[in-house]
Amino acid sequence: MEYALLQAVFLPLLLSPVAYILGRKVGPTPAMWFTFAILLYTTIIVINAALSGTVEEHYPWTEQFGEFGFLMDGLASPFAIMIYVLSTILAIYSKPYMIHKFHEQFEEEQKINHSESGQSSVVESSALTNYVNAKSGLYFALYLVFAMGMLGTVLATNLIEFYIFFEVMLIPGFFLVALWGDGPRRKIGLMFLFWTHAGAVVLLLGFLMIGLTLGSFDFADIQESELPADIAMYSAVAIAIGLGVKLAVFMYHIWLPYVHGAAPTPISALLSPAMIGIGAYGIFRLIVEFLPATFSELAIWFHIWGLVTMIYGGAMALMQDDLKRFLAYSSISQMGYLLFGIGSMSAYGLAGAEMMYVTHAIGKGILFMMAGIIIVKVGTRSFSKLGGLAGKMPITAVCAVIGALTIMGVPPTSGFMGEWIMFYGALETAIAEGSTVRAVAFGLGLVATALTMSYMLWMLKRVFFGKLPEHLQNVKEGSWYMTIPMMILAGFSIVVGIYPDIFLKTIIPYMNGVMGV
Amino acid sequence: MATELMGFEIGTLSAWLVWILPFAAAMIMPGIGKLSQNATKFIAVGFALMSAISAATMIPVALEAHELHHQIMWIEAIGLKAGVLADPLSIIMANVVAWISFLIMIYSTGYMKGDKDITRFWFWMMFFIGSMQLIVLSDNLLQVFFGWEGVGLASYALISFWYRDKKKDHVGTEGRTVLGMLDYYAPTHAGMKAFIMTKVGDVMMIAGMLLIFLFAGTFGFKELMGNTDWATAMAAQGLLVPAFVLLFGGAMGKSAQFPLNEWLLEAMTGPTAVSALIHAATMVKAGVFLVARIGPLVFALGAAGILADQFFEIVAWVGAITALLLATQGMVNPEIKKVLAYSTGSQIGYMMMALGVAGLSHQYVDGYTAGFFHLISHAMFKASLFMAAGSLLHIVGSRFMTDMGGLRKHMKKTYAFMWAAGLGLMGAPFITTGFWSKDAIFAAVYESGNEWALPLFAIAVLTAIITAFYTTRMIGLVFFGKKSKHIEKMEEEGHPIHEASVSMWVPYGILAVLTIGIGIIGLSAEEGLHHTFEYYLKNSFGIYSSHAAADESSILPEFLQGLNPVALGASLVAFATGIGLGYIFYIGRWVDPVKFVNSNIFFYAIHKLFLNRWYLNAIVYWCFVTTPLWLARGVSRYFEKTAIDYGMNDGVQKAASWGAKVIQGTQTGVSQSYLFVFGAGLLFVVLILLM
């Protein structure tokens, strides 16, 4: 199909005003289905392109920056597929959650108006409808832009283009958090913007160093041999730091618990599973593939940094009382796995790391959806106030268990397939190099999986098992809009776990090529 | 085996069906449950039966010492195949698992009657059986690991089956603490403990698997045996023994061997049918099976000059330590299911000891057969004992033996069957399977000719005495003596004690009868097994066993020819001592055990040590739960929330607003000062230009 990737990236952007108008004039349901339809169509395009092997498209752009292109190869396709699949599924899930949120905010604003004006105002139902319509229009428009920003980043073939998409996904993210988040949402939205923007600036610095030295920003022109060693090293470090902020690895992670905790849940379910992992994509593409010599020097540091992040994130997750903050720390720990896999510097380790992105997207997607259902149906997200919900919301509980197993890496969920391949890669390098540091890291990494299991099982126990507190006696199962998307992902996790070739068939040959195996 | 169906040989098809059928039943269970909860039990029992029949159809293959090996493509990207390997070992194991599971499923229909979560129960039971059969019949380690984790997952779900944490479903004594750690566990806690603790073993196992895969490039058992260059390469780097020991780590976790044994006791929070399944057919037997699976490989490598004796030494010693450690605790515990759980761990220790010692002797097949024979006989009597104990719990409504007593007149069938199965556990001479299998282990240990033979043998005999003692104690406490206050109260309230329902007593009756029935022909059964394994080891691994010339001067009567007189004598003495002591305290009640223990400080201290589980459980909690949580809390409070959160969020924000204030200070709005600065700047520029 001609212009396939161009369509996949730009259709959502071009049609986002339509979603806005639809929401505003007609209501949230048509806007939701419209968004869903666009994303479904573009997802099919993406999957179709992925099935036909490597797809490349190039379009003329400016003289200075080079070409504007899209590339979908073995590296990009799993990322692209997961991003759009999640976006599509979450569009449906968004509706009940966001309507719940709009109602809440409407009441809040009414209260403020009420106390300001001092008169008793009769709440008109049409005012609420208008409010919800307007907000949902805006929400779905931003949602589409957010999704396309993520896809654009992983398909970009040019440093500047990469940077632009990188920022494009940030801006709607900021608005989504600042407008409909929980708690001090504006402050947290700004924090999100500042942190990731600061990261992006460092990233841009790295890009400029490469681009200006080589005189071209096209991926195709990046040859490490033409770069002076020190420039290559500086730019690689800058890129790693810039992307490290996005990945929320240890020391750069502090924005993430706030943002994931505050963001509206469907957005958390995109931020954590899909967005932050794009940092790993960037490292794969820009450092592992384009700067292999520099990478081989940095790999051990990635390995250790990843290990520290794994353990640190897990330990902090144990200490949380807020369900969404808990999931956020778990995401930090999981991003540590990705970085650990990248640092293993073997084809299998890298393939495992990419597989971990896929499985984390599935597992964490399920878990955030679970959190959303609990927020809507129970109204609290504090572990100390939850418990025994399995009997009240069985579907959510089953899906949550599958999601947790996916994160823990227990077969037959997809998590195991990522994990063992990744650890195998780590072991391979450790033995081949005879490196004690790597061998110890391998061991500690495996121990960290036991830590992951502990915090996940403890979470399940505190939310779903044990005695049902008095105030939760009347809790109901979430609506089908919310449970069906979750069930789809849960099923997907098991399918991938038993038949991982769906992704491995593209990932492994690519990684073998990159590592020259 | 020429018959074919859909391109499969019949036997091969069976090997797939044995484990796919239970999974299929699990998959359809939620749907069936939606239609009719009543139908779920028929599906469960029916599929369990079909799986068992599939297993039975493979028996001729085992008797002919054939092998069925069938593979399909699985993960093409890495070139991994999935497959089934039905050799005598796995076929015998599959049959033990399938038939005992089938009986337990029948028992469950009575035991779980009226539970409103019954669909979930059947789902996990079938999942459990399927996972276990997957372990048994897989032809490669990665696929085994799927079953391995599936077993762990199912045990987690079933141990915490009564997830509402009602008081009656807890184990331990409420309010009792050991070293500051509560010795009282809710089902959800117990499930978590089991899953995490076995995961520690699994982590070791996967490390071992990956090490082997790294050198061999395959997970397949046949492939590993086919070309042993990988072992040479690993041995050269000193990684062969560590890899096997790491694999054994997985077995330690699943089989509750020291030091990963503590989860097994809390696993008693599950429904008793689950305990029976865990202890007799699935889960804890998985570890023994794994050792039986890889043991011959290690031994064959040793025979080929790639020595890994330390592996067998570790297996034997871990088994011996566990056997004694858990048996001692079984002597003092007041809860009937816990006594049985301790007993399981201890008996599994015997099996490990036998499998370990086998590798240290020249007659590998002797120890191997002994260990495996004990696995089979233990599966029968332990399943029977657990199910009988479940009936008691069901009827008495208490897990404490002190709440029972004097039940022999009310529950005659259970009483009789419990004696039969209990005699099996004690190893009552000549009539029980337990005797023959235990005696075989004694003989294997004694004859191994290894430097460790004598200490191991002493431990084995000591454990046998204790085993006979605690079994007698259990039966004495439950069935003899006066009725407890609890029972009198029940009877006053109009709940007389009665026999369990038919669907419950028949399954454990069958197994109890089998324990005695096979026991009577025990020696020839063992010889048959020995024969089968001898061929199996020879054909598949090239392990030959040299037949020692029959001992001419044996003092034994004719029907016991071929037995080792020392081992035989030791078994007899151990049985008599144990049951005699038990009789004095708990059946004859000539001495009051409480007074006896309190009579002097030494007995008191020992009793307390055993009751507090050698303090191991508390130590595990202190080291791996309390301390890490304390550390994490410290890091969270003093690093995450201060250095990182405050320093990098609020700190940057404060610095920025402070900077803004400084600059703001210059914006005075007074035109004179602006003019002054402007003038100074101008002067500065002019000066620079002039210079």
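The values are calculated or read from the model by the stated rules, or taken from the named source; none is laboratory data. Note that the structure is a prediction, hence the values are computed from the model and not measured. Using ideal geometry, Cβ is built from the backbone for each residue, glycine included, and neighbour counts are taken over all protein chains shown. Just so you know, the surface numbers come from the protein's heavy atoms only, side chains and all, with ligands and any DNA or RNA stripped out. Shrake-Rupley method; radii C 1.70, N 1.55, O 1.52, S 1.80 Å.
Percent of Cα pairs in region B:347-422 per distance bin of 5 Å, from zero to the largest separation: 3, 15, 19, 16, 11, 10, 10, 8, 5, 3, 0. For region B:461-554, the Kirkwood estimate of the hydrodynamic radius, built from every pair of different alpha carbons, is 18.8 Å. The alpha carbon centroids of region B:328-376 and region A:251-267 are separated by 52 Å. The alpha carbons of chain A stretch over 74, 54, 40 Å along the principal axes, in descending order. Rolling a 1.4 Å probe over the protein heavy atoms leaves A:Leu205 with an accessible area of roughly 100 Å².
How fast does region B:314-383 diffuse by Stokes-Einstein, in µm²/s, taking the Kirkwood radius from C-alpha pairs at 37 °C and 0.692 mPa s? Stokes-Einstein gives a translational diffusion coefficient of 268 µm²/s. Of interest is the spacing of the C-alpha centroids, which for region A:171-240 and region A:486-517 amounts to 28 Å. Counting every pair of alpha carbons in region B:401-485, the share spaced more than 20 Å apart comes to 46 percent. Residues in region A:338-345 carry Karplus couplings, in order, of 4, 5, 4, x, 4, x, 5, 6 Hz; the curve used is 6.51 cos²θ - 1.76 cosθ + 1.60 with θ = phi - 60°, and Gly or Pro positions show x.
Remark: relative contact order (chain B) = 12 percent; criterion is Cα-Cα distance under 8 angstrom and separation of 6 or more residues.
Mean residue ellipticity at 222 nm from the helices of chain B, using -39,500 (n - 2.57) per DSSP H segment of n ≥ 4 over the full residue count, to the nearest 500 deg cm²/dmol? Intermediate values should be presented prior to the final figure.
Values: 29 runs with 470 residues, N = 691.
Using -39500 (n - 2.57) per qualifying helix, the result is -22500 deg cm²/dmol.
Could you tell me which of the pairs B:Lys382/B:Lys413; B:Lys168/B:Lys595; A:Lys476/B:Lys41; B:Lys41/B:Lys413; A:Lys461/B:Lys199 are separated by over 19 angstrom between their Cα atoms in the structure shown? Flagged as over cut-off: B:Lys168/B:Lys595; A:Lys476/B:Lys41; B:Lys41/B:Lys413. Taking 20 Å as the straight-line reach from the Cα of A:Lys377, the aspartates and glutamates in range (excluding those fewer than 8 positions away in the same chain) are A:Glu104, A:Glu107, A:Glu108, A:Asp182, A:Asp321, A:Asp322, A:Glu470, A:Glu477. Put simply, the amide H of B:Val171, placed in the peptide plane, has neighbours under 5 Å in B:Tyr185, leaving out anything fewer than 5 places away on its chain.
Restricting things to alpha carbons, find the Rg to Rh ratio for region B:198-343 using the Kirkwood radius for Rh.
Values: Rg = 16.9 Å, Rh = 16.2 Å.
Across region B:198-343, the Cα-based Rg/Rh ratio is 1.04.
For the protein assembly as shown, the calculated P(r), taken from all Cα-Cα distances in 10 Å bins from zero up to the bin holding the longest distance, is 2, 9, 17, 20, 18, 14, 9, 5, 3, 1, 1, 0, 0 percent.
Using θ = phi - 60° in the Karplus curve 6.51 cos²θ - 1.76 cosθ + 1.60, the 3J(HN,Hα) couplings for region A:182-192 round to 9, x, x, 5, 5, 4, 6, x, 5, 4, 4 Hz; x is entered for Gly and Pro. For B:Val573, the accessible surface of its heavy atoms amounts to roughly 90 Å² (probe 1.4 Å, protein chains only, rounded to the nearest 10).
Semi-axes of the equivalent ellipsoid of region B:1-112 are 28, 19, 12 Å, computed as sqrt(5λ) over the eigenvalues of the C-alpha gyration tensor in descending order. Axis of helix A:292-318 versus longest Cα principal axis of chain A: the two differ by about 30°, to the nearest ten degrees.
Using only Cα coordinates, the Kirkwood hydrodynamic radius of region A:186-288 works out to 14.5 Å.
Can you give me the relative contact order of region A:71-173 as a percent, contacts being Cα pairs under 8 Å and 6 or more apart? Show your work: numbers first, answer last.
On the way: 60 pairs, mean separation 35.0, N = 103.
After rounding, I find 34 percent.
Based only on Cα atoms, what mean projected area does the convex hull of region B:40-81 have, in nm²?
Projected over every direction and averaged, the Cα hull of region B:40-81 covers 4.8 nm².
Note on region B:236-305 and region A:76-118: Cα centroid distance 50 Å, given to the nearest whole angstrom.
Any chance you could give the angle, 0 to 90 degrees and rounded to 10, that helix B:187-216 forms with the longest Cα principal axis of chain B? Around 90 degrees separate the two axes. Between the helical axis of B:453-479 and the longest alpha-carbon principal axis of chain B there is an angle of about 80 degrees.
Considering all different alpha carbon pairs of region A:1-95, the Kirkwood hydrodynamic radius works out to 14.4 Å.
Using a probe of 1.4 Å, the accessible surface attributed to B:Arg633 totals some 110 Å² when neighbouring protein chains are kept in position.
Dimensions of region B:72-131 along the principal axes, based on C-alpha atoms and rounded to the nearest Å, stand at 48, 29, 10, largest first.
Taking GluC sites (Glu not before Pro) as exposed when DSSP calls them loop (any state but H, G, I, E, B) and at most 15 other Cβ atoms lie within 10 Å, what is the longest stretch of chain B free of them, the sites themselves excluded? Segment B:77-450 is the longest. With every protein chain in place and a 1.4 angstrom probe, the accessible-area ranking of A:His197, B:His374, largest first, reads A:His197, B:His374.
Taking all C-alpha pairs of region B:579-659, those more than 15 Å from each other amount to 75 percent. Direction-averaged projected area, Cα convex hull, region A:322-471: 8.4 nm², rounded to one decimal. Per-residue Karplus couplings for region B:95-107, computed as 6.51 cos²θ - 1.76 cosθ + 1.60 with θ equal to phi - 60°, are listed in order as 5, 4, 4, 5, 6, 5, 4, 4, 5, 5, 5, 4, 4 Hz, Gly and Pro entered as x.
Tally Lys/Arg at +1 and Asp/Glu at -1 over every other residue whose Cβ is under 11 Å from the Cβ of A:Asn158; what's the total?
On the way: positive: none; negative: A:Glu67, A:Glu161, A:Asp218, A:Asp221.
Result for the local shell: -4.
Output needed: percent of Cα pairs per 20 Å distance bin for chain B, bins running from 0 to the one holding the longest distance. Going from the shortest bin to the longest, the percentages are 17, 48, 22, 5, 5, 2, 0. Please report the base-10 log of the normalised intensity I(q)/I(0) for region B:630-691, using a Debye sum with one equal scatterer per alpha carbon and no solvent, at each q in 0.12, 0.21, 0.30 (1/Å). Relative scattering, expressed as log10 I(q)/I(0), comes to -0.58, -0.86, -1.07.
For A:Lys364, the lysines whose Cα falls under 17 Å of its own Cα, not counting residues fewer than eight places away in the same chain, are A:Lys246, A:Lys324.
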